[in-house]
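For reference, the structure is listed below as structure tokens.
The values are calculated or read from the model by the stated rules, or taken from the named source; none is laboratory data. This is a predicted model, so every value here is computed, not measured. Every residue, glycine as well, gets a Cβ built from its backbone with ideal geometry; the counts of neighbours run over all protein chains shown. Ligands, DNA and RNA are stripped out before the accessible areas are found, and what is left, the full protein with its side chains, is counted by its heavy atoms. Shrake-Rupley method; radii C 1.70, N 1.55, O 1.52, S 1.80 Å.
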Amino acid sequence: MRLSVIILTGFLTAGLLSASVDPGLLALVPATTQLISGVHVDQSRVSPFGQFVISQIQTHPGDLQKLIDTTGFDPRKDVAEVLMASDGKTANGPGGLVLARGNFDPPRAQAAALAKGATIQNYLGTDLIVGNNPKGSASNESQPGTVAFLDNTLAVAGNMDAVMSVIAHRTSSITQLPQTLLAQVNSLSASYDAWFVSLVPGSTLMPQAMGSSPNAPASSNNSSPQAAALQAIVQSSGGVHFGDQISISFQALTRSEKDAQSLSDVVRFVSSMVQMKRQENAEIGILATAFDGMNLTTNGNTMTLAMSIPEQSFEQLAQLSSAKKHTAIHRQ
């Protein structure tokens, strides 16, 4: 597993709890950002979902235990907050960044990286831990994953250009984000445990739902109602709150009032299909229960969706999914 993937996995496997976004992290987000998401980590261990995640990690530590043994970094207790930002051009585009606030040991992390074949380069006084290019990738097509520790509490991961850009602008304490995007970030981060804001079209945000041509107009080969509805999304945002009930909220701004209604119709269709198949297996049954209480509304060219699922049901869903994946691996 590549260094950047290991660290990113570590960042994301900690628990979740809502709080206001860390202004120090936010100041490092590039001005070109079109898609930003965040996860609050620091007090998550007291929530039912956080305890469940930790128990699953302890039961199946895998690469996480190797990470702890070699670097001394334990994401279950050493991460406070994570921000992920992208220029929105591609899902893993050149502007993709992961920023984390926590408790780090840079020298030990560097030593572990060097032992795995990484190299250390210095840029403006900051060491860059540079991984190898993905196997088979040309150097001009895919930059190596890069990690830098700006201090003992702040880490950044991404491709080399993105990380270097953050380092070059680290002295600024003022966010570079447009005010409209910043307002949404501040509102969502204060209300949800995990959240996102996207200024990119729905076809870019969810390209797998668009088939082979995510940027094609709705009138072309991607002419299904689902594809057309996603193509109509101009901006979107949402969040998840973890408690006894796991609450999910999603809002989409579309091109027109008609598009908002069409998107709503697609969501209702998906809901009805899930509910019709609720007896097929336990996983669909749990999802159907969540759709039973769905609150779906439109207001002008905006569609809003809210739904919830009992935390214990979510745990059961995760366990069923994990068991199915485990069985599939052993059948190969």
Legend entry - Of all residues in the range 33-56 being part of a helix (DSSP H, G or I) and surrounded by 19 or more Cβ atoms within 10 Å (Cβ to Cβ), the one that is modelled with the lowest pLDDT: SER44
Inset, instruction - Working only within the range 119-144, note down all residues that are in contact with a Lys or Arg (Cβ under 9 Å, 6 or more places away or on another chain), surrounded by 15 or more Cβ atoms within 10 Å (Cβ to Cβ) and modelled with pLDDT of 90 or more. - result: THR126
Legend entry - Considering residues of the range 100-116 that are assigned to a loop (DSSP other than H, G, I, E, B) and at pLDDT 90 or above only, the residue least open to solvent (accessible area, probe 1.4 Å): PHE104
Legend entry - Residue in the range 284-299 that is most open to solvent (accessible area, probe 1.4 Å), counting only those that are in contact with a Leu (Cβ under 9 Å, 6 or more places away or on another chain) and outside any helix (DSSP H, G or I): ASN295
Legend entry - Selection from the range 249-283 of residues that are under 23 Å from ASP193 (Cβ atoms) and open to solvent by 70 Å² or more (accessible area, probe 1.4 Å): GLN251
Legend entry - Number of the exception - ILE174 against (1) crowded, with 18+ Cβ neighbours inside 10 Å; (2) among the hydrophobic types (A, V, I, L, M, F, W, C); (3) at pLDDT below 90: (1)
Legend entry - Only one of ALA183, ALA209 that is within 21 Å of ILE233 (Cα to Cα) and at pLDDT below 75: ALA209
